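Okay, so here's the structure we're looking at.
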Amino acid sequence: MLDPTEVLSPAFLLRKASMDDFEFAEALTRSNMGGYYKRHHLVWRGDLFLASWRESENFILELDGNGIGVLRVTEEGDSLHIRDVQIAEGHRRQGAGTYMLNMSHRWARARGLRELQLRVFVDNPAARLYHRMGYRLAGPRLAQLGAIRHMARRV
């Protein structure tokens, strides 16, 4: 299995998160998702985020020793489900998302899984990145009455 902290980029470091990172991860995720939740009439539930955090493999993306992102994944059957790819404002469009998605693909391959899955709000510009990286709509598996797209790609 791959070491999740293996350096594939001279700029980024992805390290395993601990509970000490939870506050940063929740704040970043809530901040990034706040507009989508409001537009789609959803309510942030910190208790659900904590439960998901405890069930996921969580990583912090660092740049020059500072946390700039969060990656959260779970293994479900023969798929690696990407729960969160969150990048702090001011660090987007610099390759961080691509880096985290590439790492997820490498992990899925090393684990012998057949696909990667994720969900994205229909109005999230990140969907373009996912599409460029080979993710496609996963048929009828749509969530939240059409506000969220379920996407998948083969490993």
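Rule-based calculations on the coordinates, nothing more; no lab input. Bear in mind that the values here come from a model prediction, so they are computed numbers and not experimental data. Because the Cβ atoms are built from the backbone with ideal geometry, glycine has one as well, and the counts that use them run over all protein chains shown.
Highest mobility in the GNM of the chain, judged by mean-square fluctuation with C-alpha springs under 10 Å and restricted to 111, 136, 39, is found for 39. Between 86, 67, 53, the Cα set farthest toward the positive side of the dipole of the range 12-115 (charges on each charged residue's Cβ, about the Cα centre) is that of 86.
Residues 121, 59, ranked from the fewest to the most other C-beta atoms within 10 Å, line up as 121, 59.
When the helices of the chain are scored as -39500 (n - 2.57) per DSSP H run of n ≥ 4 and the total is divided over every residue, the value at 222 nm lands at -10000 deg cm²/dmol. With 0.36 nm allotted per residue and the present C-alpha distance subtracted, the residue 55-residue 150 stretch has 32.2 nm of extension available. With viscosity set to 1.002 mPa s at 20 °C, what whole-number translational diffusion coefficient in µm²/s follows for the chain from Stokes-Einstein and a Kirkwood radius over Cα pairs? Rounded to a whole number, D works out at 135 µm²/s.
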